1. State the number of residues belonging to region 1-53 that are in contact (Cβ under 8 Å) with a residue 12 or more places away in the chain and assigned to a strand (DSSP E or B).
2. Given the criterion modelled with pLDDT under 85 and under 18 Å from Phe133 (Cα atoms), identify the matching residue among Gly71, Gly34.
3. Anything in region 81-102 that is open to solvent by less than 20 Å² (accessible area, probe 1.4 Å) and either modelled with pLDDT of 85 or more or more than 20 Å from the chain's Cα centre (by Cα) (or both)? List them, or say none.
4. Considering Gly34, Gly11, Gly70, Gly4, which residue is open to solvent by less than 40 Å² (accessible area, probe 1.4 Å), among the small types (Gly, Ala, Ser) and touching a helix residue (DSSP H, G or I) at 6+ places or on another chain (Cβ under 8 Å)?
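The values are calculated or read from the model by the stated rules, or taken from the named source; none is laboratory data. Since the structure is predicted, the reported quantities are computational estimates derived from the model, not experimental observations. All Cβ positions, even for glycine, are placed from backbone atoms using ideal geometry, and neighbour counts span all protein chains on display. Remember, those area values only see protein heavy atoms, side chains included, never the ligands or the DNA or RNA. Shrake-Rupley method; radii C 1.70, N 1.55, O 1.52, S 1.80 Å.
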Amino acid sequence: SIDGDNAPAVGGVLITATGQYFGSFSATNRARLGRTDCESSTWVSDSSLVCKVAAGIVAGAADTHVVVTGGGLVSTLAASFVYDLPKVTGLETAGGVVDTSPRNDWEANILNPGDLAGPPGGGNQLTVSGSNFGAADYLPTVT
């Protein structure tokens, strides 16, 4: 089991994996959250390992598994961890038009965008602000 089932996309949070047969202290004992290795893994006991969550995102079902390697064994706890979802708090166009209305209103603004639409034919730059978009080298898309 793990003591936390989510973390921000920037990581940095400590979670503890608890189980059996993690073996004796070894520098090779480690944990992985989905496809992302923990920034660091610290062996605590034969039944406990602490993981410092690295920055990451959830791209699919395999990204929700916790995998612990210890004592020469590999154990997977399926569908047990997620990175927090992105949270959009505002939209701004290159022309300076800002929309910070509650997210429930954004669908209406997209269907009837007014000044947010920019010129006909597209090409308008739109800045999306918020949190949990991923690590600095991650390139999210807006659709």
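1. Going through region 1-53 one residue at a time, the tally reaches 24.
2. On inspection, the qualifying residue turns out to be Gly34.
3. Correct list: Phe81, Thr93, Asp99.
4. Unique residue meeting the criteria: Gly34.
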